[in-house]
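Heads up: the structure comes next, in structure tokens.
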Amino acid sequence: MNEPKTFAIKGMHCASCAGIIEKTFRKTEGVISAEVNYGTETAKVAFDAAKTDPGRLSESIKPFGYSLEVPLAEDHSMHTGAGQSKHEKLMELDEMRKKVVSVLFLAAFAALIMGWDILAEFGIIPAMSYTVEEFLHHLLPLFATYTLFVVGQPYLAGVYRFLRYGKANMDTLIGIGTSAAFLYSFAVSALEDVLRPFIDVENTYYDVTIVVIAFITLGKYLEARSKLRTGDAIEKLLNLQAKTALVIRDGKEIEIPVGEVVVGDTVIVKPASKIPVDGVVLEGLSYVDESMLSGEPMPLEKEAGDTVAAGTMNTSGTFTFEATKIGQETMLAHIVKMVSEAQGSKAPIQAMADRISAVFVPIVLVIAVVALAAWLFFGTQSFGFSQALSYGLVSFVSVLIIACPCALGLATPTAIIVGVGKGAREGILVKDAATLEKLHEATVVVVDKTGTITKGKPEIAAIRPSEGHTEKEIVSILASLESRSEHPIADAIVSYAKENSIDTVPVGQFEMLRGRGVRGIIDGTEYSAGNAKFMKDLKLPFDAASVGQETREGKTPVILATREAVLGVVFVADAVKPEARKAVEDLHALGIRVVMLTGDDRNTARFIADSVGIKDVEAEVLPEGKMAVVRALQAKGEIVAMVGDGVNDAPALAAADIGIAMSTGTDAAIESAGVTLLHGDISKLVKAVRLSKITMRGIRQNLFWAFAYNIVGIPLAAGLFYPVFGWLLNPVFAGLAMALSSVSVVSNSLRLKAKKL
């Protein structure tokens, strides 16, 4: 009910834009909550459809220069609709590039004149001749007019909206600063003789208008290009989707667009083809590369009964499968949606930057006016009015230009976008930014045993043949008997025989004896297989104490016998995952305590825990008891991450500070979790923790530089250091610094892509 919807926002230029839009939405009737993200240029809005709709929301922000992208129809494709398509962004980027190219020539010209004047003043090069100087300096007003009124149009629009609606953003600051420089210069040029007695008419700031707008436009272009790269993960996932599918209809093979596949279709997949939708293999054998979804490099064998996922690549062999999930129901679509929503969510650490960005622009306007007034008041006494006005104007413009909330606004979302995308490529799906931030603080990881530490299905752990019999003989007879059974233990024995190429033989007069075992005749001999109680019923000499140690370790004995004697024992157990021990060691190395939680008996739990290096064990725990264990740890001040895969784990996953589900588990567990590990690989848990740590490190670095930049830059631009050091920042360098600050924050976030987990 009133679920939040995510929309792309057009016209956003800085973090203060996000604040304006967010405030406007929250004041709109019918809006329950609104969250605007400058990094992804999206808005997540929950609203009462009876009181408002996306069209009205878009109208509410239109006067301020923004618009909300409203879908014309329901989107049945896999795309989430969050944000513009890459094609649209590339088109916008191309338009920006054309503006940059047009203005950079003018900026180079202005910089040449500026540099010549400065070098000539110090006697490094000869001064321009009067004729050349007059010609070039008369070109500057023309170039500045084009730059301000054509390339700088968005900044002038920012000034207009500020004057009409009182809403100021970064464009407003740039517009006021460059307009002030232009208008002052124009007044000096037009009224040179009239103003000469009062001010220095030799100095104009047309070059400032040109170069500042050029640098800022270039910076915005580089920032947009860099931001486009941060969203590569979504684009790559979307590109995994096959465009067509080969299906069997009316007995014929036909190729159709993937959007026309329906549940129940029989789909044919040939070598080197992408699997178009999710399904279950009907016949055939092949190996499927699932690396782009799970991060696993080795192709997996697929045969009848196995599941396949959309977007994965068939490497060899041809097989058919039944389509079970299509469109937005597929695993790939689920991953795309999860990654997109996580990238668009806000981390708690961003709240501080958002609050500062929201009030930043008005504060900067005040500082700029105060700086100008201070120069006029105090500077006139020392330098005279003409020089004080010149210094004051430089400070006024420099403060407006250098004050950049963009770096603050980009610090968190760009790192989150890259971090979540990197996780997706590694098979780690993060539900939201808050989870990613919280995970790096985890002090305890609580792991369920079955399906997390162990594989979650029984396997043959040991074979003990009686004297005169071989392991192969025991397995062959047992697998022949158990092939007629539906018990999970039977499946483990039959699978072992297949994997080891051990032949099975026909069984006659097969009989299942519930609670005891199975019986059948092979080549005229009656064989029985089951538990110790079954052997006792058959009056065969078998000492249950001989398998006591294995039983205490959680292994189930399956005893094979004829009417006369016991032939051997096969032990079946839920095997420990091969990567589990290394994962536990790595978690300990990260300073995280590991607790194993299970409903199994204490002996089995202790044995499994010891085998992987876990010291703390909570055994024989019911589902509600699991949640109580998590609560007890939290009461001690621990930050708890819970890892599980079953329905019985869902309450504990929801109660934990960070819930982590194995994707091999149930939907209930995955829905309750903040992080999902694809393919049930516990080693990805360590990678998830490392991912959280490097992402948070990147965010802190970004915030530090963004704050440091403004703390140093604004006082320098205002002229605060002039009385002591003689430093006064030229607006041209302020524009360059402002452009580089945003680019540097995005570039630092992009470095996370290269970090090894």
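Just the C-alpha atoms of region 517-568: what Rg/Rh do they give, with Rh taken as the Kirkwood radius? Walk me through the numbers on the way to the answer.
On the way: Rg = 11.4 Å, Rh = 11.4 Å.
A ratio of 1.00.
Taking the Cα atoms of the chain, what is the range of coordinates along each of the three principal axes, in descending order and whole Å?
126, 64, 59
Only loop residues by DSSP count here, and only those with at most 16 other Cβ atoms within 10 Å; note down the trypsin sites (Lys or Arg not before Pro) in region 520-583 that meet that. Display every interim value, and only then the final one.
Working: sites: 533, 536, 539, 552, 555, 563, 581, 582; in loops: 539, 555, 563.
In loop regions of region 520-583 (DSSP not H, G, I, E or B), the sparsely surrounded trypsin sites (Lys or Arg not before Pro) are 539, 563.
Label-point separation (nm) for residue 203 and residue 693, each offset 7 Å from Cα along Cα-to-Cβ?
Taking the two extended label points, one gets 5.3 nm.
Using the alpha-carbon atoms, what tilt in degrees (0 to 90, nearest 10) does helix 471-482 show relative to the longest principal axis of the chain?
90
Taking all pairs of different Cα atoms in region 96-158, averaging 1/r and flipping that mean, what Kirkwood radius in angstroms comes out?
Working: mean 1/r = 0.0764 Å⁻¹.
It works out to 13.1 Å.
Mind computing the radius of gyration and Dmax over the alpha-carbon atoms of region 300-412? Å is fine for both.
29.7, 91
Could you calculate the FRET efficiency of residue 679 with residue 118 from 1/(1 + (r/R0)^6), where r is the beta carbon distance between them and R0 is 56 Å, rounded to 0.05? Mind showing how you got there, number by number?
Working: r = 63 Å, r/R0 = 1.12.
After rounding, the FRET efficiency stands at 0.35.
Of the listed pairs 51/167; 10/62; 582/693; 582/756, which have alpha-carbon separations greater than 21 Å here?
Check vs 21 Å cut-off fails for 51/167.
Nearest 500 deg cm²/dmol is fine: what mean residue ellipticity at 222 nm does the chain get from its DSSP H runs of n ≥ 4 alone, each adding -39,500 (n - 2.57), divided by its residue count? Write down the numbers at each step before the final one.
On the way: 28 runs with 379 residues, N = 757.
-16000 deg cm²/dmol, from helical runs alone.
For region 376-511, what number of Lys pairs, 8 or more residues apart or on separate chains, have alpha-carbon atoms under 17 Å from each other?
On the way: 422/431; 449/457; 457/498; 472/498.
Close lysine pairs under the 17 Å cut-off: 4.
If you rank 307, 330, 266 by how much accessible surface each has, with a 1.4 Å probe, what is the order from largest down?
Values: 307 90, 330 5, 266 40 Å².
In descending accessible area the options line up as 307, 266, 330.
Taking R0 as 56 Å, what FRET efficiency do you get between residue 564 and residue 755 from their Cβ-Cβ distance, rounded to the nearest 0.05?
Working: r = 66 Å, r/R0 = 1.17.
For R0 = 56 Å, the calculated efficiency reads 0.30.
Please report how far the C-alpha centroid of region 321-351 lies from that of region 541-596, rounded to the nearest whole angstrom.
If we compute the Cα centre of each part, the gap is 38 Å.
At 1.4 Å probe size, with the rest of the protein present, what percent of the exposed accessible area of the chain is carbon and sulfur atoms? Spell out each step's value before the answer.
Details: 19960 of 34490 Å².
About 58 percent, which is the carbon plus sulfur part of the accessible surface.
With θ set to phi - 60°, apply the Karplus curve 6.51 cos²θ - 1.76 cosθ + 1.60 along region 631-645 and write out the HN-Hα couplings as whole Hz, x wherever there is a Gly or Pro.
Result, rounded to whole Hz: 4, 5, 5, 5, 5, 8, x, 7, 9, 9, 9, 10, 10, x, 9.
Calculated FRET efficiency, residue 260 and residue 636, Cβ-Cβ r, R0 51 Å, to nearest 0.05?
Working: r = 56 Å, r/R0 = 1.10.
The computed FRET efficiency comes out at 0.35.
How far, in degrees from 0 to 90, does helix 86-121 lean away from the longest principal axis of the Cα atoms of the chain, to the nearest 10?
In the chain, helix 86-121 runs at an angle near 40 degrees to the longest axis.
On a C-alpha basis, how far is the centre of region 671-718 from the centre of region 611-634 in Å? Whole number, if you could?
With region 671-718 and region 611-634 each reduced to a Cα centre, they are spaced 30 Å.
Could you tell me the extents of region 389-493's C-alpha atoms along the three principal axes, largest first, rounded to whole Å?
Rounded to whole Å, the extents work out to 107, 26, 24 Å.
The values are calculated or read from the model by the stated rules, or taken from the named source; none is laboratory data. Note that this is a predicted model, so its numbers are computed, not measured. Every residue, glycine as well, gets a Cβ built from its backbone with ideal geometry; the counts of neighbours run over all protein chains shown. We work out accessible area using only protein heavy atoms, side chains counted, and drop any ligands, DNA or RNA first. Shrake-Rupley method; radii C 1.70, N 1.55, O 1.52, S 1.80 Å.
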